[in-house]
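Here's the structure we're looking at; comments come further down.
The values are calculated or read from the model by the stated rules, or taken from the named source; none is laboratory data. This structure is a prediction, so every number in the text was calculated from the model and none was measured. Quick reminder, even Gly has a Cβ in these numbers, built from the backbone with ideal geometry, and neighbours come from all protein chains shown.
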């Protein structure tokens, strides 16, 4: 009886886990499943060469659907020699047929190649969704200009 009970318990745990994993997969899916889903224009941006310092970067989220999208933001994150910080409030609505620019500050700290990857989180048709983005480029060291150039 103990074996039957433990096998039944294990079986019910596996069924419960599989149900939750299906729920997670259906609730946290990528938005690319239909053409009316919200999208990010230029979700992969190669910025080429940029000097060390702070740079404004924007992503344009387009809501082509007939439903309001609730944007939950983009987490501030750091990668190799770069960090990204959102400048607008993270939580806001994007109405049907409209777009919103998500502006952030890209801080480049040292010379060399950089790559930043992250995800926007949004709710569309009562489902939590993610949109993946990527920023890459090469940080170049700029020579400091002499503040007091010699006069002839």
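Remarks
- Annotation: residue 67 fulfils all but one of (1) at pLDDT 85 or above; (2) surrounded by 11 or more Cβ atoms within 10 Å (Cβ to Cβ); (3) assigned to a strand (DSSP E or B); the unmet one is (3).
- Test: residue in the stretch 26-36 that is surrounded by 14 or more Cβ atoms within 10 Å (Cβ to Cβ), modelled with pLDDT of 90 or more and touching a strand residue (DSSP E or B) at 6+ places or on another chain (Cβ under 7 Å): no
- Of the residues making up the stretch 114-125, one or more are surrounded by 12 or more Cβ atoms within 10 Å (Cβ to Cβ), modelled with pLDDT of 90 or more and assigned to a strand (DSSP E or B).
- Looking only at residues of the stretch 78-88 that are modelled with pLDDT of 85 or more, touching a strand residue (DSSP E or B) at 6+ places or on another chain (Cβ under 7 Å) and not in a loop (DSSP other than H, G, I, E, B), we find that the one that is surrounded by the fewest Cβ atoms within 10 Å (Cβ to Cβ) is 85.
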